[in-house]
Amino acid sequence: MICVSIANCTATECLKALASVKAAEIRLETISGMDEAAVKWIFGSKAKLVATCRPGKMTDDKRKKLLLAAIGAGAAFVDIEVDAPDIYKQEIVKAAGAKGCEVIVSFHDNEKTPVREELEQIINWGFDSGADIVKIACQVDCKVDAARLLGLLDKERRLIVVGMGEEGKIVRIVAPLLGSEIAYVSAGKGKESASGQMTVDELEKKMKEISNGSD
């Protein structure tokens, strides 16, 4: 599934952007004026939505309330961090299960790609935390990093694998072709929510080239 990451806008702009997409990740912590009423308004749209609210800008209590509101309003997925407090994760996982919302437990490393053994431990931690899908997103600085991330897709398990940075673009392109569940794209040039993110047109073009064996 190709998913447009919507961030750094108002709730009204967010809802307007959803009119032209089938699936989107809503970065709640970056949307101005966000409250539970706005969340219900946004997640009542017809698009297939991922509710994400990263730490740093809000208290855990406020983040949890927004994510629970999104689940209640019909979010298809909710994304929670693997290193979040257990009680925080458990409450969201329970609420998601009751509403048929799939849980993405995510890990991000903005500095490096950890060794394979560490990544496997993180994946196991994610599934033990109640994940339906585990997301691994890491900074990629070389081909070895990219190969290590793509190698995670060599088993029958539900994963999202993302490479960040310029060198990580190959991971973003190839991972969906190898079974990575979601590919994140920007809403347009200059609207990237993570380094190395492409627009939907750019990603689809690159994926088609690889699928067709083009250079």
Pull out all pairs, ordered by first then second residue, where Cβ-Cβ is under 6 Å, the residues are six or more apart or on different chains, the first lies in region 14-41 and is of a type in the set (D, E), and the second is surrounded by 17 or more Cβ atoms within 10 Å (Cβ to Cβ) and outside any loop (DSSP other than H, G, I, E, B). E25/C3; E25/S5; E25/V50; E25/T52; E36/A69
If we ask which residues in region 166-215 are touching a strand residue (DSSP E or B) at 6+ places or on another chain (Cβ under 8 Å), at pLDDT below 95 and in a loop (DSSP other than H, G, I, E, B), their number turns out to be 10
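What are the residues in region 47-75 that are surrounded by fewer than 16 Cβ atoms within 10 Å (Cβ to Cβ), within 19 Å of the chain's Cα centre (by Cα) and farther than 14 Å from I6 by Cβ, if any?
P55, G56, K57, D60
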Report every pair of residues separated by at least 6 positions or lying on different chains whose Cβ atoms are under 6 Å apart, first residue within region 119-130 and among the small types (G, A, S), second part of a helix (DSSP H, G or I). S129/K89; G130/V93
With respect to the numbered conditions (1) part of a loop (DSSP other than H, G, I, E, B); (2) surrounded by fewer than 13 Cβ atoms within 10 Å (Cβ to Cβ); (3) more than 18 Å from the chain's Cα centre (by Cα), which one is the sole condition not fulfilled by P114? (2)
Restricting to strands (runs of 3 or more DSSP E) lying wholly in region 1-88: which have 1 or more residues that are of a type in the set (A, V, I, L, M), in contact with a Phe, Trp or Tyr (Cβ under 9 Å, 6 or more places away or on another chain) and more than 25 Å from E202 (Cβ to Cβ)? 48-52, 77-81
Are any residues in region 76-94 under 22 Å from A37 (Cβ atoms) and more than 19 Å from the chain's Cα centre (by Cα), and if so, which ones? E91
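The values are calculated or read from the model by the stated rules, or taken from the named source; none is laboratory data. Note that the structure is predicted; figures quoted are calculated from it, not measured. Please note: Cβ atoms are built from the backbone with ideal geometry, for glycine as well, and neighbour counts cover all protein chains shown.
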